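Presented below is the structure to which this report refers.
Nothing in this text is a laboratory measurement; each read-out follows from the coordinates by a stated rule. Just so we're clear, the structure is a prediction, and the values are computed from it rather than from any experiment. Ideal geometry is used to build each Cβ from the backbone, glycine not excepted, and the neighbour counts take in all protein chains shown.
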Amino acid sequence: MKKDIKSLTLNELKNEVRALDLPAFRAGQIYAWMHKKLVVSFDEMTDLAASLRETLKEDYDLVSLKTEIVQTSKYDGTKKYLFKLSDGNYVESVFMRYHHGNSVCISSQVGCRMGCRFCASTLDGLTRNLTPSEMLDQIYRITKETGERVSNVVVMGTGEPLDNYDNLIRFIELISDENGLNISKRNITVSSCGIVENIKRLADEDLSITFALSLHSVTDEKRKELMPIANKYTIAELMDACRYYFDRTGRRVTFEYALVRDVNDTDEDAKGLIKLASGVGAHVNLIPVNPIKERDYRETERAAVLEFKNKLEKSRINVTIRREMGRDIDGACGQLRKKKTDENK
């Protein structure tokens, strides 16, 4: 079986080159072709001898995603990409332009097994984890196709990142490597629905990334209705993990809170969220839920969202409302992939 060369660190690649009896500088050349020049084939590595390129083809896979669909929002220029993997599966990514730089939201799995009730990603369950190279290449293809630098990465697309832990950590190491795209760890956000033991593992990695917890409810009972993972971990356990994360890293946690009309947007919910956020010094990111046809959840009206935000701010909670982007292009997690796989079926 061929090795996945794009998932190797530079030091690992040096070991591979050494085993081929090649000078060490060849590893740097190959690494730069993959992670800086973002080539899709060994044939593009023109400063390598043809014989070496043939050897690389025989022994290694150079993972490259095929762009299947690109949808561009007519409102804000947001681009939604559907990529085809080598095994015929699909993943999706979103490219967003902000005043502080370009951001890409990537997927970490094909499908998802977490079962969150308001998310299209999980409707067909989990197919498999993505490799580090498949996570990287979502950013690489978008960088090449837009011709624009990506400065922020959000691992918040299809899949639960902490359910693909080792590949996630390897991805962060590669995407932030100064020999590659060199995206600052401080500009990387990992969002999780709350696998407690892996939140603590992430804290112990000593990475200066941002951790975002998909909270979405302030009581265990209501969270169980929205998110099946709440049957395994209580909110008290989650808050303990968030405190541990802050104590270990010095970086405050973000609470992602999708507002669902008449479900989690009441005055009592606001009070509960104030208590939880103040207890761990969290930033709150309010998200007007993006409705999916398979569920009957509705988004909270704009005026009610602003009122909810105002309640939190009066209690000195740092809060933002996520800017809605790509609503006209299946912008929410899993919608475009679901449409494509349903067509294929």
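Per-structure values
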| quantity | calculated |
| --- | --- |
| Bridge type composition, the chain - antiparallel percent by DSSP, nearest 5 | 45 percent |
| Ordering of 244-251, 90-97, 136-143 by burial proxy (mean other Cβ atoms within 10 Å per residue, highest first) | 90-97, 136-143, 244-251 |
| Relative contact order for segment 76-161, counting Cα pairs under 8 Å that sit 6 or more residues apart, in percent | 33 percent |
| Charge dipole (debye, nearest 20) of the chain; +1 at Cβ of Lys and Arg, -1 at Cβ of Asp and Glu | 660 debye |
| Part-to-part distance (alpha-carbon centres) for segment 121-197 and segment 63-85, which is given in Å | 16 Å |
| On Cα atoms only, tilt of 302-314 relative to the major axis of the chain in degrees | 80 degrees |
| Contour excess over end-to-end distance, with Cα ends at residue 301 and residue 197 and 0.36 nm allotted per residue | 33.8 nm |
| For the chain, projected area of the alpha-carbon convex hull averaged over all directions, nm² | 17.9 nm² |
| Selected from 224, 14, 314 as most flexible by GNM, with the chain as the system and alpha-carbon contacts under 10 Å | 314 |
| Helix 335-344 axis, angle to the chain major axis (alpha carbon atoms, nearest 10°) | 60 degrees |
| Helical contribution to [θ] at 222 nm, DSSP H n ≥ 4, -39,500 (n - 2.57), averaged over the chain, rounded to 500 | -11000 deg cm²/dmol |
| For segment 3-61, average projected area of the Cα convex hull in nm² | 3.5 nm² |
